Amino acid sequence: MTRRAGLTLGALVLALGLGAGGRDAVDAWVDRTVLPALTPETAVEMRDRGGALLRAYTVADGLWRLSVDPARVDAGYLRMLVAYEDRRFRSHHGVDPLAVLRAGWQAVWNGRVVSGGSTLTMQVARLLEDSGTGQWAGKLRQARLAMALERRLSKDEILALYLELAPFGGNLEGLRAATLAWFGKEPARLTPAQAAFLIALPQAPEARRPDLDREAARQARDRVLDRMAAAGVIGSEAARVGKSEPVPFARRPFPALAPHMTDRARADAPDRAVQVLTLDSALQARLERLAQDSLRGAADGVSVAMVVADHATGEILASVGSAGYGSAEARQGFVDMTTALRSPGSTLKPLVYALAFDAGLAHPETLIADRPVSFGRYAPQNFDGAFRGEVRVADALRLSLNVPVVLLTDALGPEVLMSALTRAGVRAVLPGGKPGLAIALGGVGVTLEDLTGLYAGLAQGGKRVSLRWRMGDPAVTGARVVSRAAAWQVGHVLSGLAPPPDAPLNRLAYKTGTSYGHRDAWAVGFDGQHVIGVWMGRPDGTPVPGAFGADVAAPLLFEAFQRLKPTLDPLHAPPPETLLIGASQLPEPLKWFRGRAAVAVDDSAPVMAFPPEGAVLEAGRSGVPVKVREGRPPFTWLVSGEPVATGVRRREMLLDGLGRGFSEIAVIDAEGRAARVRVQVR
């Protein structure tokens, strides 16, 4: 401030206070002030169920500017701010004549600017219009606008604008953006040193940025501490201790939890400035770390997704759409695999058994045949290619045998299974045409979120549980999918499954699944309070050789429960109508289930189920899927006369060794019987 400028400002203040006529003129002048927009754009915020920030989105020009409620700001910081910047803030009307006269006199006496005369309200005026500080035309405009603001807004509203607009270096605007970036926390509790730093930084936001000049930031902070101690705002000991606190040296990243879910919420309600989701931020962070850890050493392109919910309320507590939102392109981390349609493999089998229990077709103690059968041209096979003869229905479910569940689906009718999925809130998508028996083995598209909701319904006694992710959204309940007894029986059977190696021994009811060609690995389970669904695979749908749900997804499911809580909640007790009897006490029709339409298949020569003769196949990085039915394992696979796989007991696999052009694929069973096809690989 020059000597002449100081005198000019002093004269201005004197003129503003001269006489009633002068006051009337000033009042009219202030009343004619055109105000700028008083509601600056602030970040769209996504908060968790407890109010913690999950994620915020930048405003225009990439600025971090978050809304600030002064009531949620540390009271010590506010006292220091007012005492340092504008100690008569609560009593003046926008311009502090005493402060202006003092600044002008000091400038005249010293020949340079010693202290500023701007009030907090004048600073808000400058920030609202982004006007400079060095020109007196600008100062006059700020004074006029400040007085107009004081007539329109309360002191707390003016203070809130300062807290939202003050610059804190780089693209940081406002106190909350500053405390999150420099200290990694909300401004509700600040130390005197942190408060002093945040008071000093806006005065020279670029020169005092600690990531650019840490020493300048420290010196500015210490000057604020000294002045506050001298004014009696803080104690001398607090100032001394504050000077020993380290100054931050780098910005911290803003919270970015549940990126897929928060993007989904924003797209669903783009006009909401703040959305409160049902997620638990601490749990979400733990599971995101688990997802990343689970893929160490995994094949290229493999991703993972998880959904955790409270099945009593339907509230989703954590949702991991991929192992990394910004991960390498090969893993397609931006794809939300909790909502992607995938083949569920064997994870629909519990629903089939529950429907069969309700229909009076079977009981967990019923004997059912696991032998080669065919339904016209469809001949289901077990995953390992072996058959076990007569088994208990409970064991068929635990062993995830294919033939028994297809027999039951045939007796029920595939349409009954599709109808049950609809009642459960599962948006099941058929590849095309009328539903067939293969839907029991995963021949339908479902999402991880819907599948987790289906198991939530089983855990809740067979009622529909529609999962929800936003607080305040109504729960969709009431539709009955299966009876309480059938739901309990299925859960009881699944709770008898042995946990994966090294997993804790507990009573978790869970089921795994693997889709055709090893494209999807699943594990879904529940205890008395929570349900978790896990998916692993490649988002682009290419196979992951050797990936079985029991081997890769089940251990992750158990670890997710460990991250959720240290001990499981006990499963619900059986409802009183449950038929708890042994096989010998079953009614005669329930002792043994015999399929109606199935035709027993002799142990005859192998038949190439896939690929068909003359097929034109695309060369894939993981090999060509092949499948054989009938014949006796183990099998030997040959390509153009050369053995490429021997001792294979499974009836489907990915076959390597096919070059581009025409090749002959042959399979030989344990009896020496063979089947062969000629294909073209492009």
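What follows draws every value from the coordinates through simple rules; no lab data is involved. All figures in this text were calculated on a predicted structure; none of them were measured in a lab. Every residue, glycine among them, receives a Cβ derived from its backbone with ideal geometry; neighbour counts consider all protein chains shown.
Label-point separation (nm) for R32 and D156, each offset 7 Å from Cα along Cα-to-Cβ?
Distance between label points: 3.5 nm.
Rg to Rh ratio, region 422-535, alpha-carbon atoms and Kirkwood radius?
Details: Rg = 14.8 Å, Rh = 15.2 Å.
Ratio value, two decimals: 0.97.
If you plug each phi of region 354-359 into the Karplus form 6.51 cos²θ - 1.76 cosθ + 1.60 with θ = phi - 60°, what whole-Hz ³J(HN,Hα) values come out, in order, with x for Gly and Pro?
4, 5, 5, 4, 5, 7
Could you give the dipole magnitude of the chain about its Cα centre, charging the beta-carbon of Lys and Arg +1 and that of Asp and Glu -1, in debye to the nearest 20?
Numbers: 80 positive and 70 negative charges, 289 e Å.
I would put it at about 1380 debye.
Using only alpha carbons, build the gyration tensor for region 215-298 and give me the equivalent ellipsoid semi-axes, biggest first, whole Å. Before the final figure, lay out the partial values.
Working: eigenvalues 354, 81, 30 Å².
With the √(5λ) rule applied to region 215-298, the semi-axes are 42, 20, 12 Å.
Please give the contour-minus-distance gain from D213 to L341: 0.36 nm per residue of separation, less the Cα-Cα distance, rounded to one decimal in nm.
Full extension from D213 to L341 adds 40.9 nm.
Please work out how much length the chain gains when fully extended from T191 to M471, using 0.36 nm per residue of separation minus the C-alpha to C-alpha distance, in nm with one decimal. Don't skip to the answer; put the middle values down first.
Values: separation 280, 0.36 × 280 = 100.80 nm, distance 3.32 nm.
Extending this stretch completely gives an extra 97.5 nm.
Find how much the distance from T542 to A269 grows on full extension, using 0.36 nm per residue of separation minus their present alpha carbon separation; answer in nm with one decimal. Walk me through the numbers before you get to the answer.
On the way: separation 273, 0.36 × 273 = 98.28 nm, distance 3.38 nm.
My answer for the length gained is 94.9 nm.
Using r as the Cβ-Cβ distance of A674 and Q292, and R0 as 35 Å, what FRET efficiency do you calculate, to the nearest 0.05? Walk me through the numbers before you get to the answer.
Values: r = 47 Å, r/R0 = 1.34.
E between A674 and Q292, to the nearest 0.05, is 0.15.
By the scheme Lys and Arg +1, Asp and Glu -1, what is the net charge of all other residues having a beta-carbon under 11 Å from that of Y353? Intermediate values should be presented prior to the final figure.
Details: positive: K349, R398, K511; negative: D358.
Around Y353, the surrounding residues sum to +2.
Using the structure shown, select from K434/K463; K434/K511; K511/K565; K139/K243 the pairs with a Cα to Cα distance greater than 29 angstrom.
Details: K434/K463 26 Å; K434/K511 27 Å; K511/K565 20 Å; K139/K243 34 Å.
Those over the limit are K139/K243.
Taking θ = phi - 60°, what integer Hz values does the Karplus form 6.51 cos²θ - 1.76 cosθ + 1.60 yield along region 516-521, in sequence order, with x for Gly and Pro?
Karplus-based 3J(HN,Hα) across region 516-521 equals 4, x, 6, 8, 9, 10 Hz.
Setting aside same-chain residues fewer than 8 positions from K627, which aspartates and glutamates have a Cα under 16 Å from its Cα?
Straight-distance partners of K627: D384, E613, E652, D656, E664, D669.
So, how do all the Cα-to-Cα distances of region 399-441 break down into 5 Å bins, in percent, from 0 on up?
Using 5 Å bins, I get a P(r) of 5, 24, 30, 23, 16, 2, 0 for region 399-441.
Estimate the FRET efficiency between R87 and F334 by the formula 1/(1 + (r/R0)^6), using the beta-carbon distance for r and 41 Å for R0, to the nearest 0.05.
Details: r = 51 Å, r/R0 = 1.25.
In this case the efficiency is close to 0.20.
Show that you can apply the helix-only estimate: for the chain, add -39,500 (n - 2.57) for every DSSP H stretch of four or more residues, divide by all residues, and state [θ] at 222 nm to the nearest 500. Spell out each step's value before the answer.
Details: 21 runs with 233 residues, N = 682.
Roughly -10500 deg cm²/dmol at 222 nm, from the helical runs in the chain.
Can you give the Rg to Rh ratio for region 345-592, taking only C-alpha atoms and Rh from Kirkwood? Before the final figure, lay out each step's value.
Working: Rg = 17.2 Å, Rh = 18.3 Å.
Using only Cα positions, Rg/Rh for region 345-592 is 0.94.
Set the Förster distance to 41 Å, then compute FRET efficiency between A285 and E588 from the Cβ-Cβ distance, nearest 0.05. Write down the numbers at each step before the final one.
Details: r = 56 Å, r/R0 = 1.38.
E between A285 and E588, to the nearest 0.05, is 0.15.
If I model a spin label as a point 7 Å beyond the Cα along the Cα-Cβ vector, how far apart are those points for R79 and T39 in nm?
Here the answer is 3.4 nm between the modelled labels.
Taking a quarter of the surface of the Cα convex hull of the chain, what do you get in nm²? Could you put the intermediate results ahead of the total?
Working: hull surface 159.4 nm².
Result: 39.9 nm².
What are the principal axis extents of the Cα atoms in region 607-681, in Å, biggest first?
Largest to smallest, the principal-axis extents are 31, 21, 19 Å.
Which one of Q275, Q123, M337 has its Cα pushed farthest toward the positive end of the charge dipole of the chain, where Lys and Arg give +1 and Asp and Glu give -1 at the Cβ?
Working it through, the farthest residue towards the positive pole turns out to be Q123.
In the calculated pair distance distribution of region 262-405, what percentage of Cα-Cα distances lie above 28 Å?
Numbers: 4653 of 10296 pairs.
Value for region 262-405 (Cα pairs over 28 Å): 45 percent.
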